[in-house]
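Novice: Handing you this structure, nothing more for now.
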Amino acid sequence: MVLKHREKTTFQLPLDREEILRDYRIAFQSRQASVIGRREVLSGKAKFGIFGDGKELAQIAMAKVFRKGDFRSGYYRDQTLMFALGAVSLQEFFAQLYAHADVEADPSTAGRSMNAHFASRSLNPDGSWRNLMELYNSSADMSPTGSQMPRLVGLAYASRLYRHLHELQHLTQFSHHGDEVAFGAIGNASCAEGVFWEAVNAVGVLMAPMVLSIWDDGYGISVTNEHQMVKQNISELLKGFQRAPGTYDGYDIYSVRGWDYPALVETYVQATETARRDHVPALIHVVEVTQPQGHSTSGSHERYKSKERLEWEQEFDCLRKFREWIVAQGVAAAEMLDQFEREDKLLVENTRKAAWEAYTRPIREEIQEVADILDEIAPGAAHAAALAQIKDRLLSAQTPLRRDIAVGLREALLLLKDERIPAKQVLIDWKKRQDPLQGERYSSHLYSRSAESALNVPEIKPVYSERSPVVHGFEILNACFDAMLARDPRVVAFGEDVGRLGDVNQGFAGLQAKYGELRVSDTGIRETTIIGQAIGLALRGLRPIAEIQYLDYVLYALQIMSDDLATLHWRTKGGQKAPLIVRTRGHRLEGIWHSGSPMAGLIHLLRGVHVLVPRNMTQAAGFYNSLLRSDDPGLVVEVLNGYRLKETLPDNIGEFTVPVGVPEVLREGTDITLVTYGACCRIVLEAAERLRQVGVDAEVIDVQSLLPFDVHGGILESLTKTSRIVFIDEDVPGGATAYMLQEVIEKQGGYAWLDSPPRTLSAKPHRPAYGSDGDYWSKPNVEQIFETAYEIMHEVDPARYPLFYR
Ligand SMILES: Cc1ncc(C[n+]2csc(CCOP(=O)(O)OP(=O)(O)O)c2C)c(N)n1
């Protein structure tokens, strides 16, 4: 593919006095925020602190080239960039340090994430997209080292799609012809993570405009580079990625000292200009970086840094060097800088105070409300003194916490257990009002609440006519994906063998030829960054379908799906969304790594994602149509042995939907309910037929959707009729069958309708052994299902259902 090049832009080195002095002040204020932030943690006002001291100057340089519409995927050292861009204010920085649970105070995470975890708000309060071209975008930071890398692949790659796909040109709130750069930042030690290398390779292959900065302070907490990487030098190691002069294949690699202001500015200008114009990615290895306060508030770096190193860090502190340079260049006299520093110290401290005041005021008001109620109750209470103690304890707290109010309130109610004081009800009512508020503060937005929530997608039934052809399962999917790609230009599909081959089971066969290499593409074998690619694209307004070739290999991507994708909407309290569709296939084929069904592992680690397990390709197509109309992320596990089975192609293949969270009754019955999903549906139906032959009338229910699970209580309805239930799947014992049991028996209240003990039937606790016999004795089979149901009936009526086989 031939790349188009944009006209060269010119950037003036910011060597005018005003700008240099502004840079110094921002860097100094940022340092003060680190110093004061640390103090706040050590004095007990905040729980934990991690700061960007030592990395200020490089980030000042980065801010000069970071434009609106660009994206950042960095980590907890990036506060100076955020301040310099005006994307986070000092007060917001301190609000997050205090865990101020209010989106107005901490727009990044509404107090849900620890400090220095930044996120811009891509969404309006109703969940719709804002104009990202008006924002300095920051994908939501995470703590696991290196986990900013996978989505960086997609954030950068989106620019390539926006530049080269004509059908996307109208999406002007997301891109201007793909001119946006994705800025990454990572610590030197985190470059030892496998995902770093996977992402660097993927971005290079995709020719995506990323500028990745590596802040190299020589350590990962206490561990030196000697233990982190070969040759102790990451840019040396990366040399193989460097592009040859005159070519566009590979990276531009720079190494620059973290205290050298003009060199930093020049490097960032050059790297970013090329990335923006030519879509050549750049790696900037920022060396000689210091960490004046040590890694975090958890420890002291004096324990592991030598005296010489500590002295060197003082001498080469980037602020000190910048100051020396400013004075030496005659930009400003030392006295002037001293004056700035005095003013800025005051400014930061006053802003900190304002953040503390804003954080504590509403909590103190709540304490006062409770104290007033206790005052009202106490005079007539037997435990007046104890109540007064609770009140005093709350009123005198240095760091007021809502947790302490909740604890004190319950203590008071326990003391008042036997008292008949009318005001007691006031206290109970106050508590009742708080519960939903706390739910909103800490538990809201796990899934979309917008009009496009998957739960709001209306059901459109498949339409069949005399002309509807009977085709192979894969052809159903093929027709569905064709319709999706035709209808929505934002849809792009990719994965291993998805492009030229059209996936290993032909779901995308012929679609690359029809829609082009950028809409339907092959990827390397790199599951983690396939998902990261999709997350990044979805964050930038596209609708990726990312394929993981087999369910067993989802485990490679599970960390990022769990830590990033599943938590994204929740950890930003509705500030960001990544509506991507993960497609995979599994449950039953042959061999240890093609037959797994680790569904409990997935559903427990992926709360925040819809997990759908269609029994055939028509149901799968309906789920794809539903997910594409929604803004929730979803994982669809297709039935691996269903591609060659025949199904009738609905006339409205691109339109019909299968609602999430709604089971389907596959066979009606009155004696016992058999609940299952996926590939097990067929064998459970077979078992039900055998049960019929011995006079047992089984109802078979296909759950279809594990997350969300049976939102209308359809399974309970069945149980009220049969009073007996078995949950069947191919997961390990105690896996997704136990989950379904809890949902129905505990949450839906199914226990009240049981006349026999509920049962679960799963695979063996080991992986499935190879071959037909291995499968038969590893996974539930028709005979086992029959016997499990029959034994329940035998217990009910031994005469009618004698044990004829043992
Ligand atoms: C996956 C993972 N492993 C371990 C940690 C604990 N941890 C937090 S920061 C850190 C060191 C990171 O060093 P580096 O990448 O050089 O960044 P720096 O903090 O020095 O800027 C470690 C080991 C973590 N957060 N995530």
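The values are calculated or read from the model by the stated rules, or taken from the named source; none is laboratory data. Note that the structure is predicted; figures quoted are calculated from it, not measured. Every residue, glycine among them, receives a Cβ derived from its backbone with ideal geometry; neighbour counts consider all protein chains shown. What goes into the accessible areas is simple: the full protein's heavy atoms, side chains included, and nothing from ligands, DNA or RNA. Shrake-Rupley method; radii C 1.70, N 1.55, O 1.52, S 1.80 Å.
Novice: How charged is the neighbourhood of Val103? Take every other residue with its Cβ under 11 Å from the Cβ of Val103, and add Lys/Arg as +1 and Asp/Glu as -1.
Specialist: It works out to a net charge of -1.
Novice: In region 460-550, what chymotrypsin sites (Phe, Trp or Tyr not before Pro) fall in a loop by DSSP, with at most 13 other Cβ atoms inside 10 Å?
Specialist: Tyr464
Novice: Go ahead and run the numbers for FRET between Gln270 and Asp249, Cβ-Cβ distance against an R0 of 25 Å, rounding to 0.05.
Specialist: 0.85
Novice: From the phi of every residue in region 49-64, what ³J(HN,Hα) in whole Hz does the Karplus formula 6.51 cos²θ - 1.76 cosθ + 1.60 yield, where θ is phi - 60° and glycine or proline is x?
Specialist: Once θ is set to phi - 60°, the couplings for region 49-64 become x, 9, 9, x, 5, x, 10, 5, 5, 4, 6, 4, 5, 4, 4, 5 Hz.
Novice: Could I ask something else about it? How large is the Kirkwood hydrodynamic radius of region 192-247, in angstrom, based on all distinct alpha carbon pairs?
Specialist: 12.8
Novice: Starting from the Cα gyration tensor of region 325-479, take the square roots of the eigenvalues, sort them a ≥ b ≥ c, and report rounded, prolate or oblate (rounded when a/c is under 1.5, otherwise prolate if a/b is larger than b/c, else oblate).
Specialist: Taking the square roots of the gyration eigenvalues as a ≥ b ≥ c, region 325-479 is oblate.
Novice: I'd like the carbon and sulfur percentage of the solvent accessible area for the chain, probe radius 1.4 Å, heavy atoms only, ligands and nucleic acids excluded.
Specialist: So the carbon and sulfur contribution to the accessible surface is 53 percent.
Novice: Please work out the Cα center distance from region 722-776 to region 239-315, rounded to the nearest Å.
Specialist: 54
Novice: Okay, next question. So what is the relative contact order of the chain, in percent, for Cα pairs below 8 Å that sit 6 or more residues apart?
Specialist: It rounds to 11 percent for the chain.
Novice: Could you give P(r) for region 248-366, binned at 5 Å from zero, as whole percent values over all Cα-Cα pairs?
Specialist: Going from the shortest bin to the longest, the percentages are 2, 9, 11, 11, 14, 15, 14, 11, 7, 4, 2, 0, 0.
Novice: Counting alpha carbon pairs within less than 8 Å and at least 6 residues apart, what relative contact order, in whole percent, applies to region 259-374?
Specialist: 22 percent.
Novice: Per DSSP H run of n ≥ 4, the term is -39500 (n - 2.57); total these for the chain, divide by its residue number, and report the mean residue ellipticity at 222 nm rounded to 500 deg cm²/dmol.
Specialist: -13000 deg cm²/dmol
Novice: Shifting gears a bit: Starting from 0.36 nm per residue, how many nanometres of slack lie between Ser443 and Val327 once their C-alpha separation is accounted for?
Specialist: Separation in residues times 0.36 nm, less the Cα-Cα distance, equals 36.6 nm.
Novice: Amide H to amide H under 5 Å from Asp651: which residues, 5+ apart in sequence or cross-chain, H placed 1.01 Å off N in plane?
Specialist: Long-range HN contacts for Asp651: Val463, Tyr464, Ser465.
Novice: Mean separation of Cα pairs under 8 Å and 6+ residues apart, divided by the residue count of region 513-664: what relative contact order is that in percent?
Specialist: 22
Novice: Using θ = phi - 60° and the Karplus form 6.51 cos²θ - 1.76 cosθ + 1.60, what ³J(HN,Hα) does each residue of region 567-581 get, whole Hz, x for Gly and Pro?
Specialist: For region 567-581, the Karplus curve yields 9, 3, 5, 6, 6, 9, 6, x, x, 9, 9, 9, x, 10, 10 Hz.
Novice: For the pairs Lys231/Lys577; Lys47/Lys391; Lys573/Lys747, flag any whose C-alpha to C-alpha distance is greater than 32 Å.
Specialist: Cα-Cα > 32 Å for Lys231/Lys577; rest within.
Novice: Listed highest first by mean packing, meaning other Cβ atoms within 10 Å per residue, what order do 683-691, 216-224, 537-545 come in?
Specialist: Sorting 683-691, 216-224, 537-545 by mean packing, highest first, produces 537-545, 683-691, 216-224.
Novice: Is the chain best put as rounded, prolate or oblate by its Cα gyration tensor, with a ≥ b ≥ c the root eigenvalues, rounded for a/c under 1.5, and otherwise prolate when a/b is larger than b/c, oblate when not?
Specialist: Note, shape of the chain comes out oblate.
Novice: Here's something else I'd like to know. Can you tell me the 0 to 90 degree angle between the C-alpha axis of helix 334-377 and the longest principal axis of the chain, rounded to 10?
Specialist: Computed tilt is about 40 degrees.
Novice: If packing is taken as the average count of other Cβ atoms within 10 Å, what order do 125-135, 787-797, 372-382, 90-100 fall into, highest mean first?
Specialist: Going by the mean number of other Cβ atoms within 10 Å, highest first, we get 90-100, 787-797, 372-382, 125-135.
Novice: Same structure again: Let a ≥ b ≥ c be the square roots of the eigenvalues of the Cα gyration tensor of region 399-557; is it rounded (a/c under 1.5), or, if not, prolate (a/b larger than b/c) or oblate?
Specialist: prolate
Novice: Which three lengths, in whole Å and largest first, does region 586-732 cover when its Cα atoms are put on their principal axes?
Specialist: Dimensions of region 586-732 along the principal axes of its Cα atoms: 44, 37, 36 Å.
Novice: Quote to one decimal, in nm, the extra length available between Asn456 and His766 on full extension: 0.36 nm per residue of separation minus the C-alpha distance between them.
Specialist: Residue separation times 0.36 nm, minus the Cα-Cα distance, leaves 107.7 nm.
Novice: In degrees, nearest 10, range 0 to 90: what is the angle between the Cα axis of helix 149-164 and the longest Cα principal axis of the chain?
Specialist: The two axes meet at around 90 degrees.
Novice: With every protein chain left in place, what is the accessible area per residue of region 648-770 in square angstrom, probe 1.4 Å?
Specialist: Value for region 648-770: 38 Å² per residue.
Novice: Calculated FRET efficiency, Leu413 and Glu357, Cβ-Cβ r, R0 35 Å, to nearest 0.05?
Specialist: 0.70
Novice: Where does the charge balance sit around Gln173 when Lys and Arg score +1, Asp and Glu -1, over other residues with C-beta under 11 Å from its C-beta?
Specialist: Here the charged neighbours net out to +1.
Novice: What angle do you read, to the nearest 10 degrees and between 0 and 90, between the alpha-carbon axis of helix 384-395 and the longest principal axis of the chain?
Specialist: It is inclined by approximately 60 degrees.
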